[in-house]
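Just below is one structure, and these are the notes that go with it.
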Amino acid sequence: MASSGNKVKKGFASYLLILFILIIAAFLGCVVAMLVSPFTNVLGMQYYYYNYNKNFEKTDDNKDWDINTLKEINISSNTANIDIKRDPNVDKMIINFVNKSKGFAKSSEDTDFSHTIEFEDEEQTILNISVDEPYGFLNLEDYVSINILLPVVSSYDFNNVEINVNTKYGNVYIGNNETLVTDLGNSKFDTSIKDLNITMQKGNIKFFENSENTFENLNINIDDGRVISQKEIKFTNELNIYSNCARFDLQDITYDYEEFNELMHINLNLEDAIFYVGKIVGNTNLNMQGGYFIADSIKGSINSNSAISQMKDGKIEINLVDGNVSLPYANKSNITIKEMTLDSQAYIHSTSGKITIEKLNGKAWLETTSGNVDVHTYNDDIEIITTSGKINLIYDCDTINNGVILKSNSGKITTFVKSNLSCVMKFHDKDGIYYDDDNGPSKVNLILHDIGFANPAIINDGTDDKSMLFYSDGKITVDLI
């Protein structure tokens, strides 16, 4: 009986194996049939395949365009890449469509490919370009491209044209002239545009290294993806960037100007984005909640004064600021500035975030709830207030111009001063009451010229108009640099 049972099991297993092989063979047969006959319905599925590359010099209704009279170009797509560049093989503006897509789709899915080029107005100043890409459930290669080609003659340009790009998941390339450098031996080619507006859900935007880019207005609205600039971006009117969580790797952003003025605005609305930039020249309105903002230098003011869209837990790092910093809603965000120039001023208010200014040459008003404050100042006045955070101040100055105020309800205050500083130091508890001989020595530690506790402490014949005021129920330490 056991032997008979084993034979039944082996026979059933063999049947399953044969059935599995037949299913695989049938599937492979269907795949081969679809590959041999693209766009043929095989059991409710189809294989699509395109090898399309065509240039256009006229609209769909056979009208010429003239770059000298064009005012606006509108480009729309779903997944297509948009490439604006110069080409040595054209002598006028050419629109080139490329489709090298292939994959599998349900027979009910739209795998057709089409594109349109048409004027929106009778004056032929507004040109609309759109593409309808094929799409399936398995895209083996998803490549559709709209290439706007210009001749290499520098006078043939978009300096009087507004270009609007609207794509969902495509990439946008500006000045992809790498082949020209090899072919023509030139290191840079102008791909400037009067106004460039890019809107996308997710994708990449790239400004290439061998491209000179100057815009009157540049607007980028990207939800997710990456924005790369290998070359300095210049603009003459306004730069606006809106992003949810994209990453930005930008070299320099420069307001092209003859004389710096306060109307030169850069608007960065970054939400939770990651933003790296080299140099910024212009006044920056920065609105962010989380994420990172890291800059090498900023010439101009930087502020985030939106009570509606406040910072939460972001991170700001700036190496050099030549201007004013105003961040009244930093909250949990950590702020680090390595150097501020002589005429700069900083006003920063946070809750639990940490504030660090490594080299302050101007004035500062800094306030936190529980966050620590670390400052090394070389000039002018400073006021630091915190509820429970620690204050660490290096006052690297020979005199006090007006006054220094340090307040912490319960946090420790540590201050370093130069041995030749002339001032008067006054010590209070958090409520403003003078420490006296009874409680002063337990709260105040003076390591200055081997003197003990005194309140006020007159340092190097200082006078009341040059005062350093301390308020805290925590430990107060004054030491020498």
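Residues to consider are Val281, Val277, Val321; find the one that is farther than 16 Å from Ser229 by Cβ, of a type in the set (Val, Ile, Thr) and in contact with a strand residue (DSSP E or B) (Cβ under 9 Å, 6 or more places away or on another chain).
Val321
Considering only segment 58-76, state which residues are surrounded by fewer than 14 Cβ atoms within 10 Å (Cβ to Cβ) and charged (D, E, K, R).
Those that are surrounded by fewer than 14 Cβ atoms within 10 Å (Cβ to Cβ) and charged (D, E, K, R): Lys58, Asp60, Asp61, Lys63, Asp64, Asp66.
Look at Asn55 and say whether it is open to solvent by 50 Å² or more (accessible area, probe 1.4 Å), closer than 29 Å to Ser155 by Cβ and free of Cβ contacts under 8 Å to residues at least 40 places away in the same chain.
no
Quick one: in segment 424-462, which of the residues that are free of Cβ contacts under 8 Å to residues at least 40 places away in the same chain and of a type in the set (S, T, N, Q) is surrounded by the most Cβ atoms within 10 Å (Cβ to Cβ)?
Asn455
Only residues in segment 263-279 that are under 17 Å from Ser301 (Cα atoms) count as the first member; pair them with residues that are of a type in the set (Phe, Trp, Tyr) and not in a strand (DSSP E or B), Cβ under 8 angstrom, at least 6 apart or cross-chain, and list the lot.
Here the result reads Met264/Tyr257, each pair linking segment 263-279 to a residue that is of a type in the set (Phe, Trp, Tyr) and not in a strand (DSSP E or B).
Run down Asn68, Asn74, Asn62 and say which single residue is within 21 Å of Asn176 (Cα to Cα) and either modelled with pLDDT of 65 or more or touching a Pro at 6+ places or on another chain (Cβ under 7 Å) (or both).
Asn74
Being under 18 Å from Val131 (Cβ atoms) and β-branched (Val, Ile, Thr) is the filter; apply it to segment 77-94 and report the residue that is most open to solvent (accessible area, probe 1.4 Å).
In this case the residue turns out to be Thr79.
Residue-wise test of (1) of a type in the set (Asp, Glu); (2) open to solvent by less than 30 Å² (accessible area, probe 1.4 Å); (3) modelled with pLDDT of 95 or more.
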position	(1), (2), (3)
Ile355	no, yes, yes
Lys359	no, no, yes
Thr368	no, yes, yes
Asn372	no, no, yes
Thr377	no, yes, yes
Glu383	yes, no, yes
Ile391	no, yes, yes
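Restricting to segment 106-150, count the residues that are among the aliphatic types (A, V, I, L, M), within 32 Å of the chain's Cα centre (by Cα) and over 30 Å from Asn68 (Cα atoms).
1
The values are calculated or read from the model by the stated rules, or taken from the named source; none is laboratory data. Keep in mind that this is a model prediction, so the values were computed, not measured. Virtual Cβ from ideal backbone geometry, glycine too; neighbours counted across all protein chains shown. Ligands, DNA and RNA are stripped out before the accessible areas are found, and what is left, the full protein with its side chains, is counted by its heavy atoms. Shrake-Rupley method; radii C 1.70, N 1.55, O 1.52, S 1.80 Å.
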